[in-house]
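Notes follow once the structure below has been shown.
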Amino acid sequence: MTGHDGILVKTVYDSYLRPWKRIAKRNNNTTETTYVTGTRLVASVKEKAGTTSPITVAQYSYDPLGRRVSDTNADSKTTYFAFNRRGQVIRQWGAATSPVAYAYNSYGEQIAMRTFRSPSQDFTTSTWPLSDDGSDPLEPNPANWQFGDKTSWVYDAGTGLLTTKTDASNRSVTYTYGADRQVATRAWARTVSGQPATATYSYSSTTGEQTGISYNDGTPAVSYTYTRLGQLDSATDGASGVHDFVYDPDYPWRLYAEAFDTFYGQRVLTRQYETSGMVGRGKGFKLGTSVGSNSELEQTYGYAAATGRFDSLTSGRNSNAATRTFHYGYETDSPLVKTLWTDDNSFFVTRSFEANRDLLTSIESKWGQGASTAIAKYAYTSNTLGQRENVEQSGDAFTSYYSTGIHQTFTYNPRGELTAAPTRLGTVAAPGATIADRQHEFDYDLIGNRKWAGLTGSSGDRKNYSSNALNQYATRDNSIAPFIGSQAFTYDDDGNLLTDGLWNYAWDAENRLVRMSSALPSGQGYTRLELNFKYDYLGRRVEKKVENLDGPTPNFTHRYVY
């Protein structure tokens with residue numbers, strides 16, 4: 001099969017018309033699938049099947065009903081699954097995953113889930129180690145659960161709409177609905193003046209289109225208007241003001257421009273489309289003082305004529321008084337980006353990949369394609385799971401510090417979590433000494449919370465973490481200067497971080513960070529700052545304002561256009 005980008009992928013079928021081999025043209029790499037005899041159930045998947053070192057990336061087993069009950073990866077670590085009578089997963093466990101259990105009501109709606117941080121039971125064997133699901137293990141009753149951290153859901157009996165979600169600390173978010181089953185309110189667990197922080201949604205009585213969102217905690221409201229075709233005509237938020245949308249009169253379904261309010265200095269973002277060849281394809285945009293103006297910025301996309309693939313981006317400022325083009329090249333017969341360079345050849349990046357897998361083996365940057373030495377080069381190797389095993393760093397950026405080069409090796413636990421990443425002098429083939437304070441060691445609980453982290457290789461120098469039932473870090477201690485002691489974290493009832501001892505944080509009713517300020521008092525030898533953030537109607541950050549709490553500078557504001 002040849003795709004829209006001209007890349008050929010060949011599929012070979014067996015005598016039962018089951019996909020047997022998938023052969024990529026780039027490297028003739030073959031992915032081979034075997035099946036359970038007499039079925040279409042996949043038994044195993046093998047990569048690099050046509051080479052002398054094939055990798056069996058997955059092996060599956062099934063119960064008599066054809067449900068997958070185990071999945072063994074390329075590292076021979078297995079994940080197990082158990083099902084209820086409706087075929088829904090009720091348990092997942094094994095050496096290659098974090099254990100989790102689910103419960104459902106008679107309608108098949110998920111009503112509970114539990115996870116485990118540091119259980120005494122062994123979840124790596126083929127048998128689920130707990131027996132606290134109630135009288136019917138195939139229909140778990142969460143009221144009987146004695147172990148794990150539970151999240152639960154409640155639904156409206158008549159409609160099946162979600163009304164409440166409660167976390168492991170018994171804090172809930174609740175929803176109400178209108179007669180047409182549209183969300184009317186969402187109330188968080190945290191309160192404002194004794195009332196839950198609530199979002200109220202409004203809709204058109206004639207079309208049902210959402211017309212606004214208001215909040216009771218000071219979060220700026222959002223409102224929407226629509227055209228007669230139901231297209232978004234304008235969106236107004238308390239941060240970036242009014243966004244007016246202009247549609248192409250010749251192609252009325254297509255957005256042509258977006259006019260901004262005074263927050264953006266009345267600028268207009270105009271979209272460009274191809275008018276020949278692949279008509280209607282995105283060609284770029286212009287940002288200026290009026291529709292079609294590029295007085296601020298213009299970006300134009302280029303595509304390869306033969307394949308239609310994106311191959312260049314030209315960026316111009318101040319009515320294109322200054323422009324620069326970035327070009328992209330691809331690995332032969334592949335969608336993998338191989339090269340990136342500027343039109344004046346002042347900068348050139350090259351990527352290389354494994355011969356039989358689409359995994360990166362190196363990335364190198366130079367001051368121009370013909371430069372004799374690299375600015376920086378990273379060379380990678382990966383294991384059978386596709387995890388990065390090593391990276392060697394070389395080039396001018398590193399030789400000033402480490403004339404012999406440096407490299408880093410990575411080690412993982414069976415769940416794929418990084419446990420060690422020491423940095424050493426020399427190369428992987430000829431390693432030297434480990435660089436001081438760059439050992440990078442980690443350990444985790446069963447759900448993935450960090451238990452400790454170290455840099456020196458000494459257990460006495462580790463930073464130890466504690467976590468709670470919501471998988472939030474409660475404390476972190478530090479045994480290494482300049483600060484020795486414990487760092488405590490506090491959260492609001494919806495899980496937003498309020499303070500970590502260094503910063504105080506504030507959040508709006510959409511759980512977006514709106515302010516962070518230095519937590520320590522003045523006179524500590526550093527500049528105390530306050531950062532304030534604003535968001536538009538889509539939740540995108542449109543402003544970052546930095547203020548010096550101890551003096552007049554630095555004070556600056558950045559605004560972002562999307």
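Here, each number is a calculation from the coordinates, and none is a lab measurement. In this text the structure is predicted, and so the values were computed from the model without any measurement. All Cβ positions, glycine included, derive from the backbone under ideal geometry; neighbour counts span all protein chains shown.
Shown here is the pair-distance distribution of segment 1-155: with all Cα-Cα distances grouped in 5 Å bins from zero up to the longest one, the shares run 2, 8, 14, 15, 15, 12, 10, 9, 8, 5, 2, 0 percent. Were the residues from Val337 through Thr159 laid out at 0.36 nm apart, the gain over their Cα-Cα distance would be 59.2 nm. The residues neighbouring Phe245, those whose beta-carbon lies less than 10 Å from its own, together hold a net charge of -3 under the Lys/Arg +1, Asp/Glu -1 convention.
Applying 0.36 nm per residue to the separation of Glu417 and Thr39 and subtracting their alpha-carbon distance, the gain on full extension is 132.6 nm. The trypsin sites (Lys or Arg not before Pro) of segment 151-215 that DSSP puts in a loop, and whose beta carbon has at most 12 other beta carbons within 10 Å, are Arg181. With a simple spin-label model that places each label point 7 Å from the Cα along the Cα-to-Cβ direction, the separation between Ala430 and His558 comes to 4.3 nm. In segment 239-317, Rg over Rh equals 1.03, where Rg is the alpha-carbon radius of gyration and Rh the Kirkwood radius from pairwise Cα distances. Between the beta carbons of Ser131 and Arg67, assuming R0 = 22 Å, the FRET efficiency works out to 0.55 to the nearest 0.05. Available extension along the chain between Lys283 and Asp443 is 52.8 nm, counting 0.36 nm per residue and deducting the alpha carbon span. Working ranking of peptides 229-240, 299-310 by packing, defined as the average number of other Cβ atoms within 10 Å per residue, highest first, is 229-240, 299-310.
Apply 1/(1 + (r/R0)^6) to the Cβ-Cβ distance of Glu389 and His327, taking R0 = 41 Å, and write down the FRET efficiency to the nearest 0.05. FRET efficiency, Glu389 to His327: 0.80. Give the Kirkwood hydrodynamic radius (Å, one decimal) of segment 390-470, defined as one over the mean of 1/r across all pairs of different Cα atoms. Roughly 14.0 Å, rounded to one decimal. Taken over segment 278-348, the convex hull of the Cα atoms encloses 94 Å³ per residue. In terms of its C-alpha gyration tensor, segment 60-116 has an oblate overall shape, because the principal axis ratio a/c (a ≥ b ≥ c, square roots of the eigenvalues) is not below 1.5 and a/b does not outweigh b/c. Per-residue packing, averaged as other Cβ atoms within 10 Å, sorts the ranges 203-209, 94-100, 127-133 into the order 94-100, 127-133, 203-209, beginning with the highest. The packing ranking, built from the mean of other Cβ atoms within 10 Å per residue, places the peptides 256-268, 146-158 in the order 256-268, 146-158, highest first. In this simple spin-label approximation, Leu8 and Leu313 carry label points 7 Å from Cα along the Cα→Cβ vector, and these lie 3.2 nm apart.
Shape descriptor for the chain: Rg over Rh equals 0.97 (Cα atoms; Rh from the Kirkwood inverse mean 1/r). Pairwise alpha-carbon distances in segment 99-160 exceed 20 Å for 29% of all pairs. Here segment 161-212 was treated as a single set of alpha-carbon atoms; its pair distances binned every 5 Å from 0 give 5, 19, 24, 20, 16, 10, 5, 1, 0 percent. Of the cross-linked pairs Lys377/Lys544; Lys286/Lys544; Lys286/Lys545, those separated by over 30 Å at the C-alpha level are Lys377/Lys544. Beyond 25 Å, what share of the Cα-Cα pairs of segment 68-174 remains, rounded to the nearest whole percent? Here the tail beyond 25 Å accounts for 23 percent of pairs. Taking the Cα atoms of segment 503-562, the ratio Rg/Rh between the radius of gyration and the Kirkwood radius comes to 1.04. Altogether, the Stokes-Einstein calculation at 37 °C and 0.692 mPa s, with the Kirkwood radius of segment 262-301 over Cα pairs as Rh, returns a diffusion coefficient of 311 µm²/s. Within the same chain, aspartates and glutamates fewer than 8 places from Lys10 are excluded, and of the rest, those with a Cα less than 13 Å from its Cα are Glu32, Asp333.
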